[in-house]
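Asker: Before we start, here is the structure in question, set down as structure tokens.
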Amino acid sequence: MSTPPFEQFASWYEEARRHPGIADASAMALATADKAGRPAVRMVLLKQHDERGFVFFTHLTSPKARDLGETGRAALCFHWAPLGRQVRIDGMVTQVGDDEADAYFATRPRLSQLGAWASRQSQPMGHRFGLEASVARAGAKYVAGPVPRPPHWSGFRLAPEHMEFWREGAFRHHERALYTRTRDGWDHTWLYP
Ligand SMILES: Cc1cc2nc3c(=O)[nH]c(=O)nc-3n(C[C@H](O)[C@H](O)[C@H](O)COP(=O)(O)O)c2cc1C
């Protein structure tokens, strides 16, 4: 395993995407903490990855976005069980540009777009059908033409400082390859499992 970490990730990710036993290879745990250090973790979907980092989209008024605003840091974890693989990534997070968020938002199904307008993510909803009622209102507002991206919905890009590739081994003799970003590239080291 000597390929640089982005190539390594791309290769493992493609294998995971093609694997019939993996329903959604893009699902990843996103860990954040608030300024008091209180951790939180939840699943999000990877929507883009390249040498600049790993992108997911969310509500800017959500607890996760608030954490990211407070610390600028996050960690990701993928687990592709049928392949016996885990990838851990951490680093600094920045909001993507409006053009990038607009471009991705435009690819979403219309009902998902209306859902982004309708949801006040992680706020109490009052009654069970609050979302449906809110989606219906958004649908009435944007009855014709494209649905614009709500200002409270965008993406974040995590630029990795560490990337660790874990491969399951027999008898728990797992293999762990850690890449650490340096000024001009990446350091590579093996870790005990
Ligand atoms: C498989 C899976 C994928 C998800 N993908 C996203 C996502 O891409 N963006 C998002 O905002 N929430 C996503 N969610 C919902 C989040 O896990 C979470 O419930 C929500 O974002 C609120 O998180 P917060 O209160 O910590 O901000 C996903 C949930 C699951 C189970």
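The values are calculated or read from the model by the stated rules, or taken from the named source; none is laboratory data. Just so you know, these numbers come straight off a predicted model, no measurement behind them. Reconstructed Cβ throughout: ideal geometry from the backbone, glycine too, with neighbour counts over all protein chains shown. Accessible surface areas use protein heavy atoms only, side chains included; no ligands, DNA or RNA. Shrake-Rupley method; radii C 1.70, N 1.55, O 1.52, S 1.80 Å.
Asker: Residues to consider are F105, F78, F56, F129; find the one that is closer than 24 Å to F165 by Cα and either out of contact with any Gly (no Cβ under 8 Å at 6 or more places or on another chain) or open to solvent by 70 Å² or more (accessible area, probe 1.4 Å) (or both).
Answerer: F78
Asker: Name the residues in the stretch 110-145 that are more than 22 Å from K64 (Cα to Cα) and among the aliphatic types (A, V, I, L, M), would you?
Answerer: Correct list: L111, A133, V135, A136, A138, A140, V143, A144.
Asker: Does any residue of the stretch 94-101 turn out to be touching a residue at least 24 places away in the same chain (Cβ under 8 Å), part of a strand (DSSP E or B) and within 13 Å of the ligand (Cβ to nearest atom)?
Answerer: no
Asker: Then there is this: Just checking, does the stretch 56-79 include any residue being in contact (Cβ under 8 Å) with a residue 60 or more places away in the chain, assigned to a helix (DSSP H, G or I) and farther than 21 Å from D187 by Cα?
Answerer: yes
Asker: Residue pairs, Cβ under 7 Å, 6 or more apart or interchain, first in the stretch 27-53 and near the ligand (Cβ under 8 Å from one of its atoms) and open to solvent by less than 70 Å² (accessible area, probe 1.4 Å), second acidic (D, E) and not in a strand (DSSP E or B). List them.
Answerer: Correct list of pairs: T32/D67; A40/D67.
Asker: Now a separate question. Inspect the stretch 151-169 for any residue being over 29 Å from G21 (Cβ atoms), within 16 Å of the ligand (Cβ to nearest atom) and outside any strand (DSSP E or B) and give the result as yes or no.
Answerer: Checked the stretch 151-169: at least one residue is over 29 Å from G21 (Cβ atoms), within 16 Å of the ligand (Cβ to nearest atom) and outside any strand (DSSP E or B).
Asker: Select from the stretch 141-174 the residues that are farther than 27 Å from H188 by Cβ and of a type in the set (D, E, K, R) and write down the one among them that is most open to solvent (accessible area, probe 1.4 Å).
Answerer: Checked the stretch 141-174; the qualifying residue most open to solvent (accessible area, probe 1.4 Å) is K141.
Asker: Collect the residues in the stretch 145-178 that are among the charged types (D, E, K, R) and at pLDDT below 95, keeping them in residue-number order.
Answerer: Correct list: R172 only.
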